[in-house]
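Enquirer: Could you have a look at this structure, given as structure tokens, before my questions?
The values are calculated or read from the model by the stated rules, or taken from the named source; none is laboratory data. These numbers were taken from a predicted model, which means no experiment stands behind them. Methodologically, a virtual Cβ is constructed for each residue, glycine included, from the backbone with ideal geometry; neighbour enumeration extends over all protein chains shown. When the accessible area is computed, the model is the full protein with side chains, heavy atoms only, and any ligands, DNA or RNA have been set aside. Shrake-Rupley method; radii C 1.70, N 1.55, O 1.52, S 1.80 Å.
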Amino acid sequence: MRLSVKQVTWLKVFLHLAAFLPLVWLFWAVSQGQLSADPVKDIQHFTGRMALKLLLATLLVAPLARYAKQPLLIRTRRLLGLWCFAWATLHLTSYSVLELGIQNLSLLGQEIVTRPYLLLGLACWLILLALAVTSTQTMQRKLGRRWQLLHNFVYLVTILAPIHYLWSVKILSPQPLIYAGCAIVLLACRYKKFRQWWR
């Protein structure tokens, strides 16, 4: 049985809540002192993981819609992508402001030079910014074929973001490996598309 338009609308409401409520929890945890002795790192890691989760959720929509024969699921992809960008922006902001300090934003360029994994993260954010700005139907019509070409760069983010995460952790744990494995699986689901590009 296929999902109706009304059911997809309620699903969108649920997804909005699922993406927003972690932010409420984060504010509560900070105000109540529920984070570790290094709350700045906790905030950075939490926002980064949320961005990565939503990126993977965005990539999951198309194969899920195809294999489950639920074409209306595609309508949830844009909101997941925008929430991914929102959390990625919080991640970048938490590093720039909380780690470097508002008065030391000029250090960001120096940090990127000395820590290449930051360059990967910034590249991911810039791509997500371009995708968010052009995510409307108006921009899709305006860009024509170039729209799909631009939005295919989400696959590059799917490669770079887990590498950024793996590279940034000082002690390798199962969590970043799990995210990387999920990214590989979601990319593998599109092997036919990549094979056509290769040809």
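Enquirer: Could you tell me how many of the residues in segment 1-19 are in a loop (DSSP other than H, G, I, E, B) and either under 16 Å from I74 (Cβ atoms) or at pLDDT 95 or above (or both)?
Expert: Summing the residues that are in a loop (DSSP other than H, G, I, E, B) and either under 16 Å from I74 (Cβ atoms) or at pLDDT 95 or above (or both) in segment 1-19 gives 3.
Enquirer: Let me ask something else about it. For E99, work out the one condition from (1) open to solvent by less than 40 Å² (accessible area, probe 1.4 Å); (2) in contact (Cβ under 8 Å) with a residue 24 or more places away in the chain it doesn't fulfil.
Expert: Condition not satisfied by E99: (1).
Enquirer: Looking at (1) more than 23 Å from W87 (Cβ to Cβ); (2) at pLDDT 95 or above, can you tell me which one W197 breaks?
Expert: (2)
Enquirer: Look at segment 41-59 and say how many of its residues are basic (K, R) and closer than 15 Å to A18 by Cα.
Expert: 2
Enquirer: Report, by residue number, each residue of segment 60-85 that is farther than 15 Å from A19 by Cβ and either assigned to a helix (DSSP H, G or I) or open to solvent by less than 20 Å² (accessible area, probe 1.4 Å) (or both).
Expert: Filtering segment 60-85 down to residues farther than 15 Å from A19 by Cβ leaves 62-75.
Within segment 60-85, A62, P63, L64, A65, R66, Y67, P71, L72, L73, I74, R75 meet the criteria.
Enquirer: Let me ask another. State all residues of segment 1-51 that are crowded, with 16+ Cβ neighbours inside 10 Å and either of a type in the set (D, E) or in contact with a strand residue (DSSP E or B) (Cβ under 9 Å, 6 or more places away or on another chain) (or both); if no residue qualifies, say none.
Expert: Of everything in segment 1-51, just one residue is crowded, with 16+ Cβ neighbours inside 10 Å and either of a type in the set (D, E) or in contact with a strand residue (DSSP E or B) (Cβ under 9 Å, 6 or more places away or on another chain) (or both), namely D42.
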